[in-house]
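Asker: I'd like to ask some things about the structure below.
Rule-based calculations on the coordinates, nothing more; no lab input. As the structure is a computational prediction, the values presented were derived from the model and not from experiment. Positions of Cβ are generated from backbone atoms using ideal geometry, with glycine treated the same way; all protein chains shown enter the neighbour counts.
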Amino acid sequence: MSVPEPELDELYRELILDHYRNPRNRVPLESPAVVAEGYNPLCGDEVELRLNVEGNVISDVSFTGRGCSISQASGSMLTEAVKGKTVAQARALIALFTRMMTDPDFVPEEDVGDLEALQGVAKYPVRVKCATLAWHALQDGLDRHDGAA
Ligand code: ZN
């Protein structure tokens, strides 16, 4: 097992705690086009995403939930990452993030912003479900939205 840079770990931990304590986009959208919920029984994490979709663009997104810092920080980061993106771009990001969480050696070429802080979670399979919970919910929500369109 490789030894990660301690400074980076500290920086990442701070980023995760910052999103956990000050979640972005936490005011639930009224009359959203999509509501998607997720529950992780292993940890007791709950997430709810609400999305407005205009044309092909996720024009607004909110995240609420409760649970461990990784699950809640990941949901907060998700909102920043997909807001203003097209549905196709959001789906590509879901795939990219899922790969980051399942392959500890994978380093994305793209700038993934704060999501980079969660990269280290891939080394802890039991926590991967926490980190991916909101992303699975987003995928479900987009699938249902596309199915209804
Ligand atoms: Zn958790």
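Asker: Roughly how tilted is helix 6-21, in degrees to the nearest 10 and between 0 and 90, from the longest Cα axis of the chain?
Answerer: Between helix and principal axis, roughly 30 degrees.
Asker: Taking the Cα centre of the chain as origin, sum charge times position over the Cβ atoms of Lys and Arg (+1) and Asp and Glu (-1), and report the length of that vector in debye to the nearest 20.
Answerer: Value, rounded to 20: 440 debye.
Asker: Where does helix 69-82 land angle-wise versus the long Cα axis of the chain, in degrees 0 to 90, nearest 10?
Answerer: Between helix and principal axis, roughly 50 degrees.
Asker: Within 10 Å of each residue's Cβ, count the other Cβ atoms and sort Arg24, Arg144 from fewest upward.
Answerer: The fewest-first ordering by Cβ neighbours comes to Arg144, Arg24.
Asker: 222 nm [θ] for the chain, helices only, -39500 (n - 2.57) per DSSP H run of 4+, per residue, to 500?
Answerer: That comes out to -16000 deg cm²/dmol.
Asker: What are the extents of the Cα atoms of the stretch 5-148 along their three principal axes, in Å, largest first?
Answerer: Its Cα atoms span 45, 30, 24 Å along the three principal axes.
Asker: Amide H of Ala33 versus every other amide H placed in the peptide plane: which residues, excluding those fewer than 5 positions away on the same chain, fall under 5 Å?
Answerer: Counting only residues 5 or more places away or on other chains, the set is Leu51, Asn52, Val53.
Asker: What angle do you read, to the nearest 10 degrees and between 0 and 90, between the alpha-carbon axis of helix 87-102 and the longest principal axis of the chain?
Answerer: Compared with the principal axis, the helix lies near 30 degrees.
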